[in-house]
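Scroll down for the structure; my scribbles are underneath it.
The values are calculated or read from the model by the stated rules, or taken from the named source; none is laboratory data. Quantities reported herein were computed from a predicted structural model and do not represent experimental measurements. Cβ placement follows ideal geometry from the backbone for every residue including glycine, while neighbour counts extend to all protein chains displayed.
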Amino acid sequence: MELNGAQILVRTLMEEGVDTIFGYPGGSVLDIYDQLFQSPIRHILARHEQGVTHAADGYARASGKTGVCIVTSGPGATNTITGITTAFMDSIPMVILTGQVPTQFIGTDAFQEADIIGITRPCTKHNFLVRRVDELARTIREAFYIASSGRPGPVLVDLPKDVMQARMEYQDVPAKRQARKEPVFLPDTADLEQTVAMLKEAKNPVILVGGGVLRGRASAELREFVRKVKMPVASTLMGLGSFPADDPLWLGMVGMHGMYYANMAVSNCDLLVTLGVRFSDRVTGKLSTFAPRAKIIQVDVDATSINKNVLVHLPIVSDCKSALVQLNTMLGNNGLEDLRESRKQWLDQIETWRVEGALTYTRGELIKPQMVIETLNRLTRGDAIIATEVGQNQMWTAQFYRFNEPNTFLTSGGLGTMGYGFPAAIGAQVAFPDRLVVDIAGDGSIQMNIQELATAVKHNLPVKIVILNNGYLGMVRQWQELFYEKRYSHTNISGQVPDFVKLAEAYGALGLRTADPDEVESVLKKGIEASGPVIMDFLVEPEEKVYPMVNPGAALTEMQLGRETGL
Amino acid sequence: MNVRNHTISLLVKNKPDVLARISGILSAKGFNIENISANVTMNPDITKITMVAKGDTATIVKIEKEMKKLIDVIDVIRVKEKNAIQREMALVRVKINRKTRDDVTKSLDSLQCRILDESSDRLLLEITGETGEIDQALTSLEALGMEDMSRSGVVVL
């Protein structure tokens, strides 16, 4: 049958199982929008293309599916860059469809032309310009395959307007995919045997998990593995949720704002088994003092992540799931039960650290931001999808919210994108209309994509926004206090913020506010129980800092705890 | 650290922006390339790119991994000097006079060299050889009145 490019595109998307697209229309994508209008695919209209991409990202992180966006050429395409780079840094599967000027105008500086292929080459896993309609269907399939396979990532497909209008005789494709086969990295059996031997030999072992466990859907296998080996589990920011925070073997987050006991355990272990971790500078602290006594086994699907920042003793190029499935088989039913006694001393030592470096904060007359998150955790029993912005709100959430299930924590780890959380929460709510989705924000970051309130209201997406309103760009202020002698250069935004309650109401959402610690619980309850989107504005202690803190360039053991501990 | 030149051969899809992807990742990751050459193989859909990079083994391994990760790169081969023939070409214009002409040609006696054009005061030469040989030839020609030269990247088989 004869179809035009736009029709072939929508068909191919449906064949790929796409039922939801986040987008923003424009001149170059008129033909595609005309087809979407007639298709069963759900389209979520955001209010800015950055919101489009973060929403698709949040949808992908929460659901495990590939997030799909569509935007127009030129400024529509360039507005996606932050969202694409955010997804790229955190290995999130996304397909971004950008309109492009007709092929004969490419290179002429035509109206709304941008070389989006050139611009996004460094921030996509791969990208394509479709020059002929007969390449379209195959390219789209390849894009979806590349986005979700191996180490996932965003793939951009640039679609010139004339290609969308061109007609061709189209035949439904055979089921057999024509896409390029990515090399499948399965772990080497000898390496796994050596891993088991090293596990048995170790006296003070620690497992460190990262985003690769979540992206590789290996949470269940991780849980089984830990049950067999009885080793404590620390996590990077990106790995939170891959292992239950309520488990006694859970150490929590490592790194710059990691738990005292997690950093101590990693720094003193004799074996570090890392799963899907790329050793970011925020995780390792000073490289030369990172896990100085440990032999390191690194499992990662991306060979370029191995030996990049930290030299490891046993590199295993494999997805976490394949490696863990085989390790679990090798360990048998009893696992390392025999070693329970010999490991006791190490686990006792960790308990000592856990007590002396317990996460805490002092209460006062003003609301402490940590208390808001603790209360939210208690009210939701840890069973909510939590997005964050970036800065203090993000670190306090990582510390005080107890994530027990995978894909419930949406945060921009690698790029550190302010303005990520709210649209990401919208995307997650689209994927799970019946779950509680909360964005924990600061008064600075929430304003970066506040326009998406319209999206949430329009689409009946009852996202709850918790603003920890301290009147500052808090994390930058914290660094100015600690490292720039309290010269608060352009970080005081008190008096410059809008009235968030009125702002919520202006968009048709509910706005709530309190400055009273005794009202935190009731405001949270009211907000959670409300049927639509809500802004909860908590006026918190302005100069509260995130602790523990490892100063940039310092060793993980050199933590400031921000209190008198006698340590 | 043992820093030296390594030759890496890539088989890539013959597409317009493959070279941009390769050079982009090299610059993004901070790797330096000494020279590069590219042309199609017997299969017109596949291009062979040969590049010479300076670095220690760890650096070269990182470059190889980054190259392998690119979707349009089909294969990455580290060329071992022993098992491959490597050649470079240089085109050289030398200023001569009656006295120096023979000095110029003599200095190139041991090399693959052709005179492409000759006038009473200029020689245009084509020299092929291994990198070291070209280096040597250019050094001696510089002393004998080299005016300009153009040098290719390495090709290997």
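For region A:188-280, give me every one of the helices (runs of 4 or more DSSP H) that falls completely inside it and has 2 or more residues that are closer than 30 Å to residue A:87 by Cβ and of a type in the set (Asp, Glu).
Once the helices (runs of 4 or more DSSP H) in region A:188-280 are filtered for at least 2 residues that are closer than 30 Å to residue A:87 by Cβ and of a type in the set (Asp, Glu), what remains is A:219-229.
When the residues of region A:141-156 are filtered to those that are in a helix (DSSP H, G or I) and small (Gly, Ala, Ser), which remaining residue is surrounded by the most Cβ atoms within 10 Å (Cβ to Cβ)?
Checking each candidate, the answer is A:143.
Within region A:350-381, restricting attention to residues that are free of Cβ contacts under 8 Å to residues at least 60 places away in the same chain and in a helix (DSSP H, G or I), which residue is nearest to the chain's Cα centre (by Cα)?
Among residues in region A:350-381 that are free of Cβ contacts under 8 Å to residues at least 60 places away in the same chain and in a helix (DSSP H, G or I), the one nearest to the chain's Cα centre (by Cα) is A:377.
With the requirement that a residue be away from chain B (no Cβ under 13 Å) and under 14 Å from residue A:158 (Cβ atoms), what does region A:111-132 give you?
A:112, A:113, A:114, A:132
Could you tell me whether region A:105-121 includes any residue that is closer than 21 Å to residue A:24 by Cβ, within 21 Å of the chain's Cα centre (by Cα) and assigned by TED's automatic domain parsing to the domain that holds residue A:15?
There is at least one residue in region A:105-121 that is closer than 21 Å to residue A:24 by Cβ, within 21 Å of the chain's Cα centre (by Cα) and assigned by TED's automatic domain parsing to the domain that holds residue A:15.
Considering only region B:67-113, how many residues are among the aliphatic types (A, V, I, L, M) and assigned to a helix (DSSP H, G or I)?
Residues that pass the stated criteria total 2.
Test residue A:291 against the stated conditions and say whether it is in contact with a helix residue (DSSP H, G or I) (Cβ under 7 Å, 6 or more places away or on another chain), assigned to a loop (DSSP other than H, G, I, E, B) and surrounded by 14 or more Cβ atoms within 10 Å (Cβ to Cβ).
The answer is yes for residue A:291.
Looking only at region A:113-132, which residues are among the aliphatic types (A, V, I, L, M) and either crowded, with 23+ Cβ neighbours inside 10 Å or not in a helix (DSSP H, G or I) (or both)?
Those that are among the aliphatic types (A, V, I, L, M) and either crowded, with 23+ Cβ neighbours inside 10 Å or not in a helix (DSSP H, G or I) (or both): A:114, A:116, A:129, A:130.
When residue A:445 is evaluated against the numbered criteria (1) out of contact with any strand residue (DSSP E or B) (no Cβ under 8 Å at 6 or more places or on another chain); (2) in contact (Cβ under 8 Å) with a residue 24 or more places away in the chain; (3) surrounded by fewer than 24 Cβ atoms within 10 Å (Cβ to Cβ), which criterion, by number, is the only one it fails?
Condition (3) is where residue A:445 drops out.
Only residues that are within 25 Å of residue B:28 (Cβ to Cβ) and in a helix (DSSP H, G or I): list them for region A:62-75, please.
Scanning region A:62-75 gives a single hit, A:75.
Per-residue answers, yes or no, for (1) over 22 Å from residue A:403 (Cα atoms); (2) touching a residue at least 60 places away in the same chain (Cβ under 8 Å); (3) surrounded by fewer than 23 Cβ atoms within 10 Å (Cβ to Cβ); (4) more than 14 Å from chain B (Cβ to nearest Cβ):
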| site | (1), (2), (3), (4) |
| --- | --- |
| A:221 | no, yes, yes, yes |
| A:224 | no, yes, yes, yes |
| A:227 | no, yes, yes, yes |
| A:258 | no, yes, no, yes |
| A:270 | yes, yes, yes, yes |
| A:298 | yes, no, no, no |
| A:304 | yes, no, yes, no |
| A:321 | no, yes, yes, yes |
| A:324 | no, yes, no, yes |
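Can you pull out every residue in region A:498-533 that is closer than 22 Å to residue A:364 by Cβ and either polar (S, T, N, Q) or in contact (Cβ under 8 Å) with a residue 40 or more places away in the chain (or both)?
If the condition is that a residue be closer than 22 Å to residue A:364 by Cβ and either polar (S, T, N, Q) or in contact (Cβ under 8 Å) with a residue 40 or more places away in the chain (or both), then A:514, A:515, A:516, A:517, A:520, A:521, A:522, A:524 are the ones that fit.
For region A:31-41, check the following and say yes or no: at least one residue is out of contact with any Cys (no Cβ under 6 Å at 6 or more places or on another chain), closer than 17 Å to residue A:128 by Cβ and not assigned by TED's automatic domain parsing to the domain that holds residue A:451.
Yes, the conditions are met somewhere in region A:31-41.
If residue B:64 satisfies every condition in (1) within 14 Å of chain A (Cβ to nearest Cβ); (2) in a strand (DSSP E or B) but one, which is the exception?
That leaves (2) as the condition not met.
Considering each residue of region A:79-98, count those that are part of a loop (DSSP other than H, G, I, E, B) and either within 14 Å of chain B (Cβ to nearest Cβ) or crowded, with 24+ Cβ neighbours inside 10 Å (or both), and give that number.
Summing the residues that are part of a loop (DSSP other than H, G, I, E, B) and either within 14 Å of chain B (Cβ to nearest Cβ) or crowded, with 24+ Cβ neighbours inside 10 Å (or both) in region A:79-98 gives 5.
I'd like to know if region B:48-61 contains one or more residues that are free of Cβ contacts under 8 Å to residues at least 40 places away in the same chain, within 24 Å of residue A:124 (Cβ to Cβ) and of a type outside the set (Phe, Trp, Tyr).
Checked against the condition, which is being free of Cβ contacts under 8 Å to residues at least 40 places away in the same chain, within 24 Å of residue A:124 (Cβ to Cβ) and of a type outside the set (Phe, Trp, Tyr), region B:48-61 yields no hits at all.
Is it true that residue A:280 is more than 21 Å from the chain's Cα centre (by Cα) and surrounded by 15 or more Cβ atoms within 10 Å (Cβ to Cβ)?
Taking the combined requirement at face value, the residue does not satisfy it.
Could you tell me whether any residue of region B:12-32 is within 24 Å of residue A:123 (Cα to Cα), away from every other protein chain (no Cβ under 14 Å) and at pLDDT below 90?
yes
Can you tell me which residue within region B:62-97, out of those that are at pLDDT 90 or above and among the basic types (Lys, Arg), is farthest from residue B:11 (Cα to Cα)?
Among them, the one singled out is B:95.
What are the residues in region A:452-497 that are exposed (fewer than 13 other Cβ atoms within 10 Å of the Cβ) and either in a helix (DSSP H, G or I) or of a type in the set (D, E, K, R) (or both), if any?
Listed by number, the residues that qualify are A:483, A:485, A:486, A:487.
Which residues, taken from region A:18-35, are aliphatic (A, V, I, L, M) and either more than 20 Å from residue A:102 (Cβ to Cβ) or in a strand (DSSP E or B) (or both)?
The answer is A:18, A:21.
In region B:46-61, what residues are farther than 29 Å from residue A:310 by Cβ and within 14 Å of chain A (Cβ to nearest Cβ)?
Listed by number, the list holds a single entry, B:46.
If the requirement is being aliphatic (A, V, I, L, M), crowded, with 17+ Cβ neighbours inside 10 Å, more than 14 Å from chain B (Cβ to nearest Cβ) and more than 30 Å from the chain's Cα centre (by Cα), which of these qualifies: A:101, A:71?
A:101
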